[in-house]
Amino acid sequence: MRYSAVQLIRQGLAGHTGWSPAWRTPELARGYDAVVIGGGAHGLAAAYYLRKIHKVKRVAVLERSWIGGGNTGRNTTIVRSNYFFPESAALYDFSLRLYEGLSEELNYNIMLSQRGVLNLAHSEHDMELMCRSVNAMLLNGIDVELLSAAQIRREVQTLNFERDARYPIFGGFMQRRGGVARHDAVAWGYARAASDLGVDIVQGCEVTGFLRDGDRITGVETSLGPISAGVTGMSVAGHSGVLAGLAGFRLPITSYALQAMVSEPIKPILNTVVMSTATGMYVSQSDKGELVFGQGLDLYPSYAQRGNLPVAQTIVASMLEMFPSFRRLKLLRQWAGVVDVCWDYSPIIGPAPVDGLFMNCGWGTGGFKGSPVGGWTLAHLMAKGDHHVLSRPFDLGRFTSGRLVDEAAGAGIAH
Amino acid sequence: MTGRRLSEGGLIDRARPVGFTWQGRSLSGYAGDSLASALLANGVRVVGRSFKYHRPRGIFAAGVEEPNAILDVTVGATHDPNARATLVELREGMAARAISGWPSVGVDVFQALDLLHRFIPAGFYYKTFMPGWERFEPAIRQMAGLGTARITPDPRRFETRHAEVDVLVVGGGAAGLAAARAAVASNVSVMLVDENPVGPLQWSGGVIDGMPAADWAEEAVKGVAVLSRATAFAYQDHNTVAVMERRADAAEGWAADRLWSVKARQVVLATGAIERPLVFPLNDRPGVMLASAVHRYLAQYGVLVGAEVVIVANNDTAYGTAAALLAAGAKVTIADVRPDPGPVAALVAGARIYPASTVIGTGGPFGIIYADIGPVDATRSDQLTARVPCDIVATSGGWTPSVHLFSQSGGKLRWDDGASAFLPGAGRQSQHVAGALAGANDLASCLMSGHEAGRNAAAALREAGKRAPRLTVPRAEAAPVATPLRPYWFVPIAGARQWLDFQNDVTVADVGLAAAENFQSVEHLKRYTTLGMATDQGKTSNVNGLAVMAGLTGRGIGEAGTTTFRPPYAPVSLGALAGQRHGSLYAPLRQLPAHAEHRALFAEMREYGGWERPAFYPQFREDPPRTIAREAAMVRTEAGLFDGSSLGKIEVQGPDAAAFLNLMYYNEVANLKPGRLRYVLLLRESGIVLDDGVVARLAEDRYLLSPSSSHTAGVLAMLEQWHQTEYPAMQVSFHDVTAAWATFAVCGPRVGDILAKVETDISLATLPHMGIASGTIMGVPGRIARVSFTGERSYELSVPAGYGPALWRHLLAQGAAPYGIESLSVLRAEKGYILIGTDTDGLTLPEDLGMSGPLRAKKVDFVGRRSLATPDALRADRRQFVGLLPDDPGFVPAVGTHAAMMVDGVRRSLGWITTSAHSPATGRSICLGMIEGGRARIGQSVSLFDRGRVSRATICSPVFHDAAGDKLHG
Amino acid sequence: MLSIPCPFCGPRGEHEFQWGGEPVTRPVPASEVSDARWANYLYLRTNTKGRDRELWCHAGGCGQWFTMERDTMTHEVFESAQISLGRIGA
């Protein structure tokens, strides 16, 4: 069923009795050509592209709980491609370009709002690092602007422009194509489009082990029984280490809780996404009016999807340092997702150390913006058995060769 | 205009009127009123508009669960754009306004949206606006949002507090009080927090242990630390409960909201229950209220919210409301969905009861003028039994225990069919549940379960063998035998609009749509329909919505489950969460011993790595570039004075000091002679350069390290970690003495003249370059090191920090010209000295800096050594530290400019400029940078790229001045 | 807020402590270790979901490193222990 304004009116007149399920609830088959573990935006995108681009016939997505319920539904919905290194820029900008066409491609409004992502500089040194980054991005083909404090003042009046602020604003840089998108809609849009192409989306199906033929993985053990697979892919942010353990290897990943929170909704007061280089805090205002904000990781590894109070207080203090007038607002909701963080804060996309399994993991705090490209490259790997040009630098092998893709190290940008 | 104040009753003080305004109109309430009760007493009915359809909304509840009465409230300098009127205590001069409705909340042109409601069901925005979202979004954003936040500064002060107690009781109702009373009897420390200004027993009536409940309540908390107006909003790990204390009356300058972090050995949760409404057609009109709220407005505030009240209920508790209304003179009609209400009917003689009935419709402009009562199985709106004139419909669909904190603590919930509610199941922390939270439904059973919980909490703390003190269970009169609640989730009339979530306009039909479209998981339901995402977080709507979904999908409610309970329980002040961490206290800066001296010289003070340091010392009407050039030139031609006190000083002592440091540093330090210094690099285990600095050997078993100012703490932590976890048997210890010393560098051709006037027993004539000696300076213990960051002959004088200002003034008086960090940066750039974090980044290896000599000479397996032999570390095309000379000697490229070359018609980065300056010594622009394969490119010309502007430069050695170092050794 | 039992100071609030990672054994002599083994040591972690032994430092207190067992799901902490003169993780 195609979605459109006309369809809404037609269904409205008919009392909304004619809508079909956004995605089917399928009969689980015992075997598939390709099985994707993880029904987040990455996994659903991978399944969609496996069918759509690679014409793989029988594709399933196995989701332990409900689709889009992991980090897809817990992030602060920021999309951007303002990356320093050419390999990162290529990856994230491809993702952003997919985002730019996604509502129409999926026939589902993901509410991409390219309202700009502004990174603040708080010292001359920050400005110099930003100049380095901006030039790198321009050479990478990413359109960004270095802004003076005066220019920023015209765009975001609510910021703390006091000269004696703890973190005075010296300037910043803006990617205008960056912004936010509705996170749930990305998962649901991919799910609906994939389901329409015949992908089986199985909720409530937990992978508990792997089927093997010799050294090769040939499927998965699940809470609903064994399922054989021609090829298996995993996209399980927050559980990559656990799945790797089941498959018999370890990853250069540590899992942490990453908090996010929203204020009570207020009338529009902040039109761009703002990030502070000094504190790592980021904030935007949702269409509903809530200020959505977060900062760094909790201080110790955790698989609990909750954040602790001391870090929450730091996040709030950091936000208020940038926007002092927001002190009178109230916190509505605070939560956390479990993020799988690699040593270089870049993802791992590529073959696993065991045959028959491909990984798309380790996106750390930045997975949402990479959802389309994560799915795209995982689908490519699963269909072709080899890297897409975009994913090759993100192979697990970089940790042995030493060729890490460390954005924060290279550019000093808060991740 | 139906609500009115009764002439007696309630906890308000009729002798103390309180003036306030609503929509600019002057009204009056009494001390003890909430804003909501004062509005109701003044007959105010419509207080807001719903989020989506802009339908009129009235006050619905009396407590934290209120979904509708979100108002803009100003008192003095305090402004709350989203105040919940039920929680706001009325204050003289308070100005309250509706946050929605144009031109007014009563007449809102956007109500036209309600006419289109059938075309904008749940999630309609996912199905349209593609393409074109960017055109619609701004208008939709403008329509959304609640209040309008001011962008002026908020003058209030906030603070945070910590408390440790034996027993924390959350909730000041009967159960909480009984628990606190029982616990404190065991001589343990007990804290009780409650979100209300006064506890419910103060107004609910009743008799406990033979005395009025209000008096018993006073007795019960003797010896208990009570915090009222304090909402426990988060139950965290290790029995830590976060509490927000509202202090609306705090005078200016004193703490307003206050955040408490309470660590309790045992927690008693007596968080009560919130009434949930029955759902029926057009149940969103102003005048539909929770039955318990109607009761509370009457009992606590002396406000009769309506003269003619229809009560629709499925349980006994609403009959108490009915009895109170009848006693206050209201006309009451009851629709009870149960076939027979049973004994409780005896409480409401004088009220007409319609059994097996519900409200199947309401009517009236701006509120309610009648309710249609019909059978519970009505499928058409014309199946009414009676049309009853009324101005209030009070609704009671049972009680939803406030399991939020219990669930946050890791406790599991279970659906209880009898209570028709999620109740606490197995807990995970040291906690006890009591009262309505645990399913108790009358005063006697609340007291009993509270008493038990309090005793159990105390018992868990008691030493084995010690006996509990004797204490009787508080007793109250038992309620009449209850007739069980009958679950009833909505009226089966097709097409009728029945609201679940009033703020977000979510209806039963929306849940039906979600079910049909496979958004059947409770989390999908919430996210797709926005049910429970309003600022009340679904306190009155979630269970109804879940029940509807469970019914539609053929599941039990327990099987369908509930969404996650996240902090905060109710919205809490952001200002108080930050507390004192604001402004200069957010991350305090360190100041130099001679801070005042720098300020007296009008130094431009900036932050460098957590220290406030002089960037430069501008003279009158001098711009920064000119100042920097002047200071740099002074150092080269005369003598400069630099405050290096923030430079780290870590003393390392012990018989194994030399061996240990040799395992840490990239350079050989064990063969350093006492009295000598060496420039060294410190690596991470990954091979990356963490820091540079100078190591001094003071004695055989004693070293002094000088890490960069911003890295001192990190270097100390690294040494401790390696010592304690990898080489614990080595005898060595570390001590950060940075703050103990003031250190000033004097340098330049005239340094000898200056130091000649410094009284010291240290022989400067015999002190070699890279030497250090101890002695006295101006009569106090001191050290002098001969080391240079400028390329000029330079001496660092260190004295105890307290003498720093005096020594600074003395050196200044001898004619040394002060120079700041920015000027130093030019001087060191001329010499090609790196600045960590400026010229290096998180990818730089020592070899990239051209320092491979130490590696070849050194045998020890120092930190990071193995990582220097990975394939990537050995690549020939790594970025290397070089100099660049712009073709135009007058042009200083910005730091961050890239060097680039064309590859296949595309400009590709070769690296970047890390430092640039106009060099006074060479009279031209100079740059340092990290360039791919840079050392092999020396002599080559490259193009420079800065935001579209292209120029050219030649790659060269990074040393621009005195390459032989004659000035240092002379 | 976790309460962490420092083996030297007793229980203290988590803000005084710093998490220090999984105990790993440094392969020696490092110069004879393969790239793969060195990468294992530097980067690969078990990242246990559940109870595990970790390194912690009482950075805002006595400054001592110690090991502690903690559950990464529930954040419950168990016994902590001083580091012996032997090597960590061995």
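FYI, it's all coordinate maths here, none of it is from the lab. Keep in mind it's a predicted model, so treat the numbers as computed, not measured. We place every Cβ from the backbone using ideal geometry, glycine too, and count neighbours over all the protein chains shown.
Values for this structure:
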{"item": "Sorted by Cβ neighbour density within 10 Å, fewest at the top, the residues B:831, B:858", "result": "B:858, B:831"}
{"item": "Overall Cα dimensions of chain B - principal axes, largest extent first, Å", "result": "111, 76, 55"}
{"item": "Per-selection metrics, region B:87-136 (Cα): Rg and Dmax in Å", "result": "17.5, 52"}
{"item": "Difference of contour (0.36 nm per residue) and Cα-Cα distance, residue A:57 to residue A:154", "result": "29.6 nm"}
{"item": "From phi via Karplus (6.51, -1.76, 1.60), per-residue ³J(HN,Hα) for region A:93-109 in Hz, x at Gly/Pro", "result": "6, 4, 4, 5, 5, 4, 4, 5, x, 6, 4, 6, 4, 8, 6, 8, 6"}
{"item": "Net charge, residue B:281 excluded, C-beta distance under 12 Å - Lys, Arg +1, Asp, Glu -1", "result": "0"}
{"item": "For B:237-244, mean number of other protein chain Cβ atoms within 10 Å", "result": "5"}
{"item": "Computed Kirkwood radius, in angstrom, where 1/r is averaged over Cα pairs of region B:1-158", "result": "17.4"}
{"item": "Cα-based shape type of chain A, given that a ≥ b ≥ c are square roots of the gyration tensor eigenvalues and the cut on a/c is 1.5", "result": "prolate"}
{"item": "Tilt relative to chain B, helix B:133-143 - C-alpha long axis, 0 to 90 degrees, to 10", "result": "60"}
{"item": "Cα→Cβ-extended label distance, 7 Å offset, between residue C:62 and residue B:778, nm", "result": "4.2"}
{"item": "Cα-Cα over 22 Å, subset of A:369/B:412; A:330/B:539; A:288/A:330; B:858/B:967", "result": "A:369/B:412; B:858/B:967"}
{"item": "Fully extended contour minus Cα-Cα distance, from residue B:874 to residue B:739, at 0.36 nm per residue", "result": "44.5 nm"}
{"item": "Qualifying trypsin sites (Lys or Arg not before Pro) in region B:524-632, DSSP loop, other Cβ atoms within 10 Å at most 10", "result": "B:621"}
{"item": "Region A:254-281-region A:222-240 distance, computed between alpha-carbon centres (Å)", "result": "33"}
{"item": "Sum of side-chain charges, residue B:768 neighbourhood, beta-carbon under 10 Å (Lys, Arg +1; Asp, Glu -1)", "result": "+2"}
{"item": "Helical contribution to [θ] at 222 nm, DSSP H n ≥ 4, -39,500 (n - 2.57), averaged over the protein assembly as shown, rounded to 500", "result": "-6500 deg cm²/dmol"}
{"item": "Span from the region B:42-60 Cα centroid across to the region A:1-43 one, whole angstrom", "result": "36"}
{"item": "q = 0.19 Å⁻¹, region B:875-969: log10 I(q)/I(0) [Debye, one scatterer per Cα]", "result": "-0.84"}
{"item": "Amide H partners (placed H, <5 Å) of residue A:330, local residues excluded", "result": "A:264, B:574"}
{"item": "Whole-Å distance, taken between Cα centres, linking region B:145-175 and region B:878-933", "result": "54"}
{"item": "Tensor-based shape of region B:489-555 (alpha-carbon gyration tensor, a/c under 1.5 rounded, otherwise prolate or oblate)", "result": "oblate"}
{"item": "Restricting region B:797-842 to chymotrypsin sites (Phe, Trp or Tyr not before Pro) in coil, as DSSP defines it, with at most 16 other Cβ within 10 Å", "result": "none"}
{"item": "Local net charge near residue A:405, Cβ-Cβ under 13 Å (Lys/Arg +1, Asp/Glu -1)", "result": "-3"}
{"item": "Rounded to 5, percent antiparallel among DSSP beta bridges of the protein assembly as shown", "result": "75"}
{"item": "Fully extended contour minus Cα-Cα distance, from residue B:387 to residue B:699, at 0.36 nm per residue", "result": "102.3 nm"}
{"item": "Kirkwood Rh in Å, taken over all unlike Cα pairs in region B:277-397", "result": "13.8"}
{"item": "FRET efficiency estimate (nearest 0.05) - Cβ-Cβ, residue A:176 to residue B:949, R0 22 angstrom", "result": "0.60"}
{"item": "Cβ-Cβ FRET estimate between residue B:806 and residue C:84, R0 fixed at 60 Å, reported to 0.05", "result": "0.75"}
{"item": "5 angstrom amide H check on residue B:18, placed H, neighbours 5+ away", "result": "B:29, B:30, B:31"}
{"item": "Reach of residue A:55 by Cα under 18 Å, taken over aspartates and glutamates that are not fewer than 8 positions away in the same chain", "result": "A:33, A:105, A:196, A:200, A:386"}
{"item": "Kirkwood Rh in Å, taken over region B:353-428 so that all alpha-carbon pairs contribute", "result": "15.3"}
{"item": "Amide H partners (placed H, <5 Å) of residue B:879, local residues excluded", "result": "B:933"}
{"item": "3J(HN,Hα) from dihedral phi, region B:191-207, Karplus parametrisation 6.51/-1.76/1.60, rounded to Hz, x for glycine, proline", "result": "10, 10, 10, 9, 6, 8, x, 10, x, x, 5, 5, 10, 7, x, x, 10"}
{"item": "Longest exposed-site-free window of chain A, the sites being GluC sites (Glu not before Pro) in a DSSP loop that have at most 13 other C-beta atoms within 10 Å", "result": "A:163-415"}
{"item": "Whole-Hz ³J(HN,Hα) from phi, Karplus 6.51 cos²θ - 1.76 cosθ + 1.60, for region B:823-836, glycine and proline x", "result": "6, 4, 4, 5, 5, 6, 5, 4, 8, x, 7, 7, 10, 4"}
{"item": "Cβ-Cβ FRET estimate between residue A:29 and residue C:37, R0 fixed at 45 Å, reported to 0.05", "result": "0.60"}
{"item": "Shape call, the protein assembly as shown: gyration tensor on alpha carbons, a/c limit 1.5", "result": "prolate"}
{"item": "Exposure proxy order (Cβ contacts within 10 Å, fewest to most) of B:529, B:333", "result": "B:333, B:529"}
{"item": "Least to most buried among B:664, A:1 (fewest other Cβ within 10 Å first)", "result": "A:1, B:664"}
